[in-house]
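Below is one structure; the comments refer to it alone.
The values are calculated or read from the model by the stated rules, or taken from the named source; none is laboratory data. Predicted model, so just to flag it, every value in this text is computed and none were measured. Here the Cβ positions follow ideal geometry from the backbone for every residue, glycine too, while neighbour counts run over all protein chains shown. Each accessible area value is taken on the protein alone, full model and side chains, heavy atoms only, with ligands, DNA and RNA left out. Shrake-Rupley method; radii C 1.70, N 1.55, O 1.52, S 1.80 Å.
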Amino acid sequence: MNGTQVRPSRSPAARLASAAASGAVRVLLVLAGLFWLMPTVGLLLSSLRPSSDIAASGWWEVFTAPARLTTENYAHLLANDTITGSLLNTVLITVPATLLVLVIGSLAGYAFAWLEFPGRDWWFLGVVALLVVPVQVALVPVAKLFGVVGLFETTAGVVLFHTAFGLPFAIFLLRNFFAEIPRELLEAARLDGAGEIRLFTRVVLPLGGPAIASLGIFQFLWVWNDMLIALVFADSQSPPITVALQQQVRQFGNNVDVLAPGAFLSMVVPLVVFFAFQRQFASGVMAGAVK
């Protein structure tokens, strides 16, 4: 005997049961994925059907008459200045609100993680406390403040509101991520003559790329899909896509040829952003979970 243990071979029945179980899991995952995608597929098919067909039957009827699919609805959408303008307004709100949160959150996260200043821990506790403040609580006082300073019903006001409420989570996330960077690495960079700005841009930011990317996806999806804040603070004459679609429902209840493709476009843009950066998102989430 050489001290090694020989694992008993599995019986054919056990191997068959294991294969069946793994196959069943795969089938369940595929079915769950198809079920999750069904609303998106239904919306896409509805956007390609004539308005008369949409009013007469459900989207699944397209499989019985696929030749009736048409792109006329998207032509009507592009001819609707309200919808096309709202898409541009949504971009003008989402991109600055995301970039501001990433830039300010990264700088603040680095400061809370590695810089010494009076009351640092108390300031960070204040940031953590802001995480539990619901958006609805601030709507009325912020609306009054924006009315006084002239930011009510402006794109800048919506961007500032999203930035302010996105920063607590951003600072909390990035501070915890940056704090896990080895101190020896930062000290070696300082010994090489790197200042704080160079240290932040050349060492901290590249290492924090996954966390920053995942934060950017979260912020982008939140701002793009928001309706409450836009409904309160955005200009009613130049609303983002969520408010514009809501206005179409209120004013033109049977305007399905515009609503269906508009709703699909408002949904597909966040999906494209998510799938484009899903690798960085998964890396950031897993890194945060391990640390």
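Mind checking whether some residue in region 220-229 is in a loop (DSSP other than H, G, I, E, B), open to solvent by 10 Å² or more (accessible area, probe 1.4 Å) and in contact (Cβ under 8 Å) with a residue 24 or more places away in the chain?
From region 220-229, those in a loop (DSSP other than H, G, I, E, B) are 226-227; that's our starting set.
Filter once more, keeping what is open to solvent by 10 Å² or more (accessible area, probe 1.4 Å): 226-227.
Keeping just the survivors that are in contact (Cβ under 8 Å) with a residue 24 or more places away in the chain gives 226.
Scanning region 220-229, I find at least one residue that is in a loop (DSSP other than H, G, I, E, B), open to solvent by 10 Å² or more (accessible area, probe 1.4 Å) and in contact (Cβ under 8 Å) with a residue 24 or more places away in the chain, so the answer is yes.
Scoring residue 154 on the criteria (1) under 20 Å from residue 224 (Cβ atoms); (2) under 20 Å from the mean Cα position of the chain (by Cα); (3) modelled with pLDDT of 90 or more leaves a single failure, condition (2). Among the candidates 58, 42, the residue that is closer than 24 Å to residue 268 by Cα, at pLDDT below 80 and small (Gly, Ala, Ser) is uniquely 58.
Screening residue 88 against (1) in the same structural domain as residue 262 (by TED's automatic domain parsing); (2) open to solvent by less than 60 Å² (accessible area, probe 1.4 Å); (3) modelled with pLDDT of 80 or more leaves a single unmet condition, (2).
Cβ separations smaller than 8 Å between residues 6+ apart or across chains give the following pairs from region 142-153 residues that are at positive phi to residues that are outside any loop (DSSP other than H, G, I, E, B): 153/233.
Being open to solvent by 60 Å² or more (accessible area, probe 1.4 Å), farther than 30 Å from residue 91 by Cα and assigned to a helix (DSSP H, G or I) is a condition met by at least one residue of region 175-183. When the criteria are applied in full, residue 275 meets the requirement of being part of a helix (DSSP H, G or I) and surrounded by fewer than 19 Cβ atoms within 10 Å (Cβ to Cβ).
If the condition is being polar (S, T, N, Q), within 29 Å of residue 237 (Cβ to Cβ) and in a helix (DSSP H, G or I), then region 33-86 contributes 46, 47, 51, 73, 82, 84, 86.
Listed conditions (1) among the β-branched types (Val, Ile, Thr); (2) under 16 Å from the mean Cα position of the chain (by Cα); (3) more than 21 Å from residue 107 (Cβ to Cβ) are all met by residue 223, apart from (3).
The single residue among 99, 107 that is touching a residue at least 24 places away in the same chain (Cβ under 8 Å), under 24 Å from residue 163 (Cα atoms) and open to solvent by 70 Å² or more (accessible area, probe 1.4 Å) turns out to be 107. In region 117-132, the residues that are open to solvent by 100 Å² or more (accessible area, probe 1.4 Å) reach residues that are in a loop (DSSP other than H, G, I, E, B) and not hydroxyl-bearing (Ser, Thr, Tyr) with C-beta atoms within less than 9 angstrom, at least six apart or across chains, in these pairs: 123/117.
Among the residues in region 199-214, are any over 19 Å from the mean Cα position of the chain (by Cα), of a type in the set (Ser, Thr, Tyr) and assigned to a helix (DSSP H, G or I)? Scanning region 199-214, I find at least one residue that is over 19 Å from the mean Cα position of the chain (by Cα), of a type in the set (Ser, Thr, Tyr) and assigned to a helix (DSSP H, G or I), so the answer is yes. In region 161-182, the residues that are farther than 15 Å from residue 131 by Cβ and of a type in the set (A, V, I, L, M) reach residues that are part of a helix (DSSP H, G or I) and open to solvent by less than 60 Å² (accessible area, probe 1.4 Å) with C-beta atoms within less than 6 angstrom, at least six apart or across chains, in these pairs: 179/113.
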